[in-house]
Structures are given as C-alpha cells and as structure tokens.
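Right, one structure below, let's go through it.
Nothing in this text is a laboratory measurement; each read-out follows from the coordinates by a stated rule. Please read these numbers as outputs of a predicted model, since none were measured by experiment. Cβ placement follows ideal geometry from the backbone for every residue including glycine, while neighbour counts extend to all protein chains displayed.
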Amino acid sequence: MRSSWRTYRADPIEPEKRRVVEQWLSSSPTGPFGTPLRFELVAATADDQNALRGLGTYGFIRGTPGFIVGTARRAARDMEDFGYAMEQIILLATDLELGTCWLGGTFTKSTFAEKIMLREEETLPAVVAIGHAAANRGAVEKLIRWGAKAKMRRPWEGLFFSSTFKQPLSMEAAGDFATVLEMVRIGPSASNRQPWRFVRSQDGRRYHLFLRRTPGYGRDAKYIRVADLQRLDMGIAMCHFSLTSAQLGLSGIWKDAEPNIGALPDHHEYVATWEIE
Ligand SMILES: Cc1cc2nc3c(=O)[nH]c(=O)nc-3n(C[C@H](O)[C@H](O)[C@H](O)COP(=O)(O)O)c2cc1C
C-alpha cells in the first residue's frame, strides 16, 4: 500500500494517531547495527515547504501538516541504520492510513536541524513528510511521479542473483523468499534508482546485499551536497527484508560476512548479509 505522497489535506494528524507515532519514536528505534538515532514528529511551519527547495530535495511538498525529523550519531553504518528505522516509521504511518514522503538532502544548517537541536556528532540526512494524503495527487506531483517513473521497478533478473552476479535468481527458485525479495523490490529509493542487489549463497542460507551505486548521484554528485542517499536505500531494503521475513515466520539475522564471489561488477559494493537461523 505504501507510496510517496507529496500533496496533503490541510487537517492535522488526529491525536490518537499522533500518540501511536510518538510512542514509537520515543521507544529508541534503531537499525541492525545499533547506531544511536533520535526521531521527532514536528509540526510544519509556513516556511518549511519553501525551505525544502534549497536543501537538495526534489519535488514539491504541498500542505503537509508535519515532518518526522531524525538524526544519526556519525558511525560506520549510520546511514543504513537511519534508513532502516525511518522506513519502519513510514510503514507504521502507512498502517495508520497516513501518507508519507522521504525527502533526502542536506539538512545540517536548516531549520529542521534547529527543530531537533542537531548535535555536533550527529547527521540529519533526510526528513519525512507525514499527514493525510489528499484525495488526488496534485498536477505537479503527477508530473514528478511520471518523471521519476515512480511506479516502475526493475525486473527481478536485474536485482536478485544466485551464487554470483552471473546467474539471476528466479521468483520460483527463491521459494519462501520470493515474497521477501518482492517487498524489497517495491520499496522506495532516492530518485527511484533501486540500487539494491541480492546474491543468494549456493547453499541458500545467506542473502548478501550489495549497493550498486549510480555514478554521479547522491554522495558523488558534483554540484549539490547531499547525504549518501543510496546508503539510506540499503537500510530501507534491509528493513523490508527483515520485517517481511518476520511476518512469514522466517528467522534470521544481519551480519557482516562478505562472500568470496570473485570480482564484483562495476560500481558494486558489499553491504551486509542476512543469515537464516
Ligand atoms: C532516501 C530517499 C530520498 C528521497 N528524496 C526525495 C525527495 O527529495 N523528493 C521527493 O519528492 N521524493 C523523494 N523520495 C521518494 C522517491 O522519489 C520515491 O520513493 C520513488 O520515486 C518511488 O516511488 P514510491 O515511493 O511512490 O514507490 C526519496 C526516497 C528515498 C528513499
């Protein structure tokens, strides 16, 4: 059901729903690598929507009553953990029938940083718009979705592999994990680049996650300084993987266990491994 919403109704989030979200935010959510994170639900001010344009985000957010603002303590896996935990909040909001949209950029010197009192040792790589989705997407939003091919996803054979990057993993061969991987595939990603790749080990007990970097994008962009958004995408993929596995009663754990599968294709880097328990 989740999809990105950029046009919102004017009415605020109901107190009951706000309470559920705030309770979750105050429960110290974190990702699989345990980076300390902080999240707050803040009311939108009249200036926020204009300010967003100068912060490296794209698209126009209209009428959102609030934002989830979050920070991560700088650490080796800060972006992955932030992506993981923020996506959990998005799925919770979706469950509450609220609309959301990830907004990635550089918020270090923004009013969002002030709102959450960003500390020296923290980063603020993204915020999320949250509220009641308008009955119809606005014309500008429709154009953005068309431009980003928002509904489009790469086919399985370009994303999931068996043993090495040479052999695609078919949905049939994925067995119990077909749904798990499909939920990764339909997840959100910065500019819908879908940089996640999985290689299943030969014995079928490990799923290795790789980041296929988009050259010149995010961290590597020449003209705008934004956070390493594609590492946020990795956290989102891990979140969808873990939650779907849990829902299906498939237990496992994220580990740092880089496989020896020879030279990786260009622009690929290892991220983490899901090991079936
Ligand atoms: C890390 C990240 C950053 C994003 N930044 C923006 C943004 O700045 N502006 C925007 O309108 N959408 C942003 N998006 C939303 C994506 O464009 C959207 O997820 C993608 O196009 C797929 O569409 P869907 O979410 O409706 O499935 C971002 C998504 C992610 C995961």
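Computed quantities for the displayed model
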quantity	calculated
Column: log10 I(q)/I(0), Debye, Cα scatterers of region 180-233, q = 0.14, 0.17, 0.29 Å⁻¹	-0.44, -0.60, -1.17
For region 138-184 versus region 61-114, the gap between their alpha-carbon centres in whole angstrom	23 Å
Contour excess over end-to-end distance, with Cα ends at residue 151 and residue 202 and 0.36 nm allotted per residue	15.2 nm
Local net charge near residue 252, Cβ-Cβ under 12 Å (Lys/Arg +1, Asp/Glu -1)	0
Translational diffusion of region 80-191, µm² s⁻¹ [Kirkwood Rh, Cα pairs; Stokes-Einstein; 10 °C; 1.306 mPa s]	94 µm²/s
By average C-beta atoms within 10 angstrom, highest first, the peptides 45-53, 33-41, 66-74	66-74, 33-41, 45-53
Cα-centred dipole magnitude for the chain, charges only on beta-carbon of K, R (+1) and D, E (-1), debye, nearest 20	920 debye
Lys, Arg +1 and Asp, Glu -1 on Cβ, resulting dipole of region 15-140 about Cα centre, debye, nearest 20	220 debye
Neighbour-count order for 140, 199, fewest beta carbons within 10 angstrom listed first	140, 199
25 °C / 0.890 mPa s Stokes-Einstein diffusion coefficient of region 85-124, Kirkwood radius on C-alpha pairs, µm²/s	209 µm²/s
Rotationally averaged projected area of the chain (alpha carbon convex hull; nm²)	14.4 nm²
FRET efficiency, residue 219 to residue 142 (Cβ-Cβ, R0 35 Å, nearest 0.05)	0.75
Antiparallel %, DSSP beta bridges [both residues in region 77-200], to 5	70 percent
HN-Hα J in Hz across region 106-116 - Karplus 6.51, -1.76, 1.60, θ = phi - 60°, x for Gly and Pro	10, 10, 3, 10, 9, 5, 5, 5, 5, 4, 9
Spatial extent of region 163-277: Rg and Dmax, with the Cα atoms as the point set, Å	14.3, 45
Antiparallel bridges, percent of DSSP beta bridges restricted to the chain (to nearest 5)	90 percent
